[in-house]
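Below are the structure tokens for one structure; questions will follow.
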Amino acid sequence: MSIRGTKASGFTLIEVLVALAVLAITAGFAYRAISGAVVLSERGGREQTALVIAQGLMDRVGHDLPLREGEDGGRTPDGFRWQVRQSPYVGSAAPAVLPYARGLVVDVTVSWTDQRRTRQLRLTTLRIAAGGSA
């Protein structure tokens with residue numbers, strides 16, 4: 001009577017555990033990459049919104065926001081704070097080039113909170129207003 005050896009087929013417990021460990025590590029890296037991309041996308045979206053708000057405010061100066069020295073500010077419904085500061089232009093060409101007008105430096109600042117950090121976007125331009133000295 002001969003005893004035939006039977007060869008077991010399949011994977012050993014060690015092989016299965018190693019495969020699961022590799023899968024878990026790979027899934028962890030994939031999760032971190034995807035969550036990081038989502039955070040960057042949200043941050044970029046907030047920055048884009050802030051830029052649109054700032055450009056809109058810059059366009060309003062001289063129309064429904066008067067062109068004058070001083071500050072205006074407010075808040076949007078979605079949590080952005082904005083400030084428009086207008087100050088006299090002080091430069092070497094101001095008196096000679098603008099005898100009947102005056103230059104105003106217009107600063108628009110939009111700020112918001114992003115993951116417990118305050119972020120800001122600032123635009124600056126020069127506008128010409130009537131009322132310089134002759």
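The values are calculated or read from the model by the stated rules, or taken from the named source; none is laboratory data. Please read these numbers as outputs of a predicted model, since none were measured by experiment. Cβ coordinates were reconstructed from backbone atoms using ideal geometry, including for glycine residues, and neighbour counts include every protein chain displayed.
Is there a residue being modelled with pLDDT of 80 or more and either closer than 17 Å to A50 by Cα or out of contact with any Leu (no Cβ under 6 Å at 6 or more places or on another chain) (or both) anywhere in region 90-100? Before you say what the answer is, go through the steps one by one.
Taking region 90-100 first, the residues modelled with pLDDT of 80 or more are 90.
Narrowing further to those that are either closer than 17 Å to A50 by Cα or out of contact with any Leu (no Cβ under 6 Å at 6 or more places or on another chain) (or both): 90.
Within region 90-100, one or more residues are modelled with pLDDT of 80 or more and either closer than 17 Å to A50 by Cα or out of contact with any Leu (no Cβ under 6 Å at 6 or more places or on another chain) (or both).
To continue, here is another question. Just to check your reading of the model, which residue among I53, I25, I34 is assigned to a helix (DSSP H, G or I), farther than 14 Å from R122 by Cα, at pLDDT 90 or above and among the aliphatic types (A, V, I, L, M)? Break it down into steps so the answer makes sense when it comes.
On the way: I53 fails: farther than 14 Å from R122 by Cα; I34 fails: at pLDDT 90 or above.
Only one candidate passes the filter, namely I25.
For region 102-109, indicate whether the set of residues that are in a strand (DSSP E or B), small (G, A, S), surrounded by 13 or more Cβ atoms within 10 Å (Cβ to Cβ) and at pLDDT 90 or above is non-empty. Full working, then the answer.
Of region 102-109, the ones in a strand (DSSP E or B) are 102-109.
Subset that is small (G, A, S): 103.
If we keep only those that are surrounded by 13 or more Cβ atoms within 10 Å (Cβ to Cβ) as well, we get 103.
Within this subset, residues satisfying the condition of being at pLDDT 90 or above are none.
No, that holds for no residue.
When you check L17 against the structure, is it at pLDDT 85 or above and either under 30 Å from G131 (Cβ atoms) or in a loop (DSSP other than H, G, I, E, B) (or both), yes or no?
Values: at pLDDT 85 or above: yes; either under 30 Å from G131 (Cβ atoms) or in a loop (DSSP other than H, G, I, E, B) (or both): no.
Considered against the rule, which asks whether it is at pLDDT 85 or above and either under 30 Å from G131 (Cβ atoms) or in a loop (DSSP other than H, G, I, E, B) (or both), L17 comes out as no.
Continuing with this model, one more query. Looking at R68 and the list (1) over 17 Å from T124 (Cα atoms); (2) among the basic types (K, R); (3) in contact (Cβ under 8 Å) with a residue 60 or more places away in the chain, which single condition is not satisfied?
(1)
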